[in-house]
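What follows is calculated from the coordinates using simple rules that are stated; it is not laboratory data. In this text the structure is predicted, and so the values were computed from the model without any measurement. Glycine also receives a Cβ, built like all others from the backbone with ideal geometry; neighbour counts cover every protein chain displayed.
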Amino acid sequence: MTETDDLLLRAGDTAHGPYALDVTPERAGWRFSGLKVLRLAPGGSEELSTGEDEVLVLPLSGACTVEVDGRTIELAGRPDVFTAVTDYLYLPLGTTARLSSVDGGTVALPTARATRRLPVSYQGADKVRTELRGAGQASRQVNNYALANDVETDHLLVCEVLTPGGNWSSYPPHKHDEHTQDERELEEIYYFDVRPGPDGPGFAFHRTYGTPDRPIEIAAEVRAGDVVLTPHGYHGPSMAAPGYDLYYLNVMAGPAEDRTWMMTDDPSHTWVRATWESLEVDPRLPMTRPVEQREDRA
């Protein structure tokens, strides 16, 4: 197996039963982060046992009903990731739940190994903190589900990023693979979707690269359902091909107890941030909900 084979998983590589994707920390070769994508047929259901993990139940398309701890919680979901944010549910470790859908749908299940058993917590779509980052052709939208908001988790950090066709995201390249005053060690999963064109599926590109002491190298085309695992190194850009809007779900977790996302840019490219001050945010943003105020472009 080459490094690309280990860290770039094509759609279907880990599929089994109703799961379109199943990446555990063991499968990824690390300690904390995981992601499953569950496809529920109309009228179908699936029992979920969280085991050692804390989990978000995050609809990607369609609605979902969750039965847990004697409660029935309805997640309204969304038509697809390019048209709306979603409500979602936090499940702690050691929990059994049943997920079902009347009309069918697809549900992401970001996971992280946990040591604290926190309460089951429902979060409405109106609680999702949305921000715009970058400017010009580096403009993108970030929807925070378990990151930079009041949602309590043990180690799990989750957000999704929307990048209009032709723009660069995860840029400048950055890393978070050591614990310092400027960084936190975080394993990261990128799960991609690409809005199709009128004649078929779209595509994008992604880059990950390392340092002399810790080499790593991925420069590859990605399509809907593909996954990139980032154990260390600089990652970015994720490039949306002209004509094809790009979505990715980020799942991060690491050993730090402060549940903080901290990163450092590749020093060769951090100067690009200064150019954003003279550029406007791409007018195609926001894509999935109104942004109440323009956020820090960092």
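Specify the longest stretch of the chain that does not include any exposed loop site, a site being one of the GluC sites (Glu not before Pro) with a non-H, G, I, E, B DSSP assignment and at most 10 other Cβ atoms within 10 Å. My reading of the result: 1-256 is the longest stretch. Based on every Cα atom in the chain, Rg and the maximum pairwise Cα distance Dmax equal 18.2, 54 Å.
Placing R0 at 30 angstrom, the Cβ-Cβ distance between residue 83 and residue 209 gives a FRET efficiency of 0.35 after rounding to 0.05. Entry note, region 90-212: relative contact order of 16 percent, from Cα contacts under 8 Å with a spacing of 6+ residues. When a/c is below 1.5 the answer is rounded, else prolate if a/b is larger than b/c, else oblate, so apply that to region 86-245 with a ≥ b ≥ c taken from the square roots of the Cα gyration tensor eigenvalues. In terms of gyration-tensor shape, oblate. Every helix of 4 or more DSSP H residues in the chain counts as -39500 (n - 2.57), and over all residues that averages to -500 deg cm²/dmol at 222 nm.
Going by the alpha-carbon gyration tensor, a ≥ b ≥ c the square roots of its eigenvalues, is region 58-156 rounded (a/c under 1.5) or, if a/c is not under 1.5, prolate (a/b greater than b/c) versus oblate?
Working: a/c = 2.40, a/b = 1.34, b/c = 1.79.
Here region 58-156 falls in the oblate category.
Between residue 98 and residue 149, the modelled label-to-label distance comes to 2.9 nm, taking each label 7 Å out from Cα in the direction of the beta carbon. Remark: region 100-108, residue by residue, has Karplus-estimated 3J(HN,Hα) of 9, 8, 5, 9, x, x, 10, 10, 7 Hz, where x stands for each Gly or Pro and the curve is 6.51 cos²θ - 1.76 cosθ + 1.60 at θ = phi - 60°. Using a simple spin-label model with pseudo-atoms 7 Å out from Cα toward Cβ, residue 19 and residue 45 lie 2.1 nm apart.
The slack in the chain from residue 6 to residue 279, taken as 0.36 nm per residue of separation less the alpha-carbon distance, amounts to 94.4 nm.
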